[in-house]
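Working notes for the structure below.
The values are calculated or read from the model by the stated rules, or taken from the named source; none is laboratory data. The model shown is predicted, which means the values in this text are computed figures rather than measured ones. Glycine also receives a Cβ, built like all others from the backbone with ideal geometry; neighbour counts cover every protein chain displayed. Just the protein is used for accessible areas: all its heavy atoms, side chains included, with ligands, DNA and RNA removed. Shrake-Rupley method; radii C 1.70, N 1.55, O 1.52, S 1.80 Å.
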Amino acid sequence: MKCTKRDLEILEKQLGRKPRNVVEIATRCKNANPQVIVTAPILEKKDRVGIFPTTFWLTCPELNYRISKLESKGLVQEIQDEILSDEELSRQLEEAHKNYANYRLNLVDKDRLEELKSNNYGQYKVLKDSGVGGILEFDGIKCLHTHYAHYLVDKSNPVGKKVDELLVEEYGTTEIEECCVDCSSSEED
């Protein structure tokens, strides 16, 4: 979904800073505000190139807050242990990491990718081989936010699915009424 000027204003409000390298809006909340954005994996800086492997970025402040509360309860390790103890869920997690990496690679022009491969193989390898949120070890979980953002785009992410279930269990829903109102309102309203 194309990112409009209004979307950029909302994203700035959500993030507390100007958004950088937004490719598109991946998902929107029920009130059509940005919820997950796609970010460019290569950041062109004045004197160098930077790699940004977090492709899907959760922008909804209320969802971020609620997921942070889950993380503060130690649920990253708990979910990781649960998934790694189940062969099918482990396979699904590995597949989610691979799908994430493939999606990220498809955002980069093939010539640019070849140039990176030739000039900075380490950065190329991160783009090619890292999974959700840039994690290199596919049997681990880096952050629940990144997995949930991926899940909102691709329902096959088992970590994101577990986070979704926990949010529903804790809050009764993943629909955020108050956040949507806050995101789209401005001081002039």
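A compact table of results
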item: In region 12-21, the residues that are out of contact with any helix residue (DSSP H, G or I) (no Cβ under 9 Å at 6 or more places or on another chain) and either in contact (Cβ under 8 Å) with a residue 12 or more places away in the chain or among the β-branched types (Val, Ile, Thr) (or both); result: 20, 21
item: Filter pass, residue 94 being of a type in the set (Asp, Glu), out of contact with any His (no Cβ under 6 Å at 6 or more places or on another chain) and either open to solvent by less than 50 Å² (accessible area, probe 1.4 Å) or at pLDDT 95 or above (or both); result: no
item: Where a residue in region 100-127 is in contact (Cβ under 8 Å) with a residue 12 or more places away in the chain and its partner, wherever it lies, is open to solvent by 50 Å² or more (accessible area, probe 1.4 Å) and outside any helix (DSSP H, G or I), with Cβ under 8 Å and at least six apart; result: 107/23; 126/136
item: Sole exception among (1) open to solvent by 30 Å² or more (accessible area, probe 1.4 Å); (2) of a type outside the set (Lys, Arg); (3) in contact with a strand residue (DSSP E or B) (Cβ under 7 Å, 6 or more places away or on another chain) for residue 108, by number; result: (1)
item: Test result for residue 72, open to solvent by 40 Å² or more (accessible area, probe 1.4 Å) and hydroxyl-bearing (Ser, Thr, Tyr); result: yes
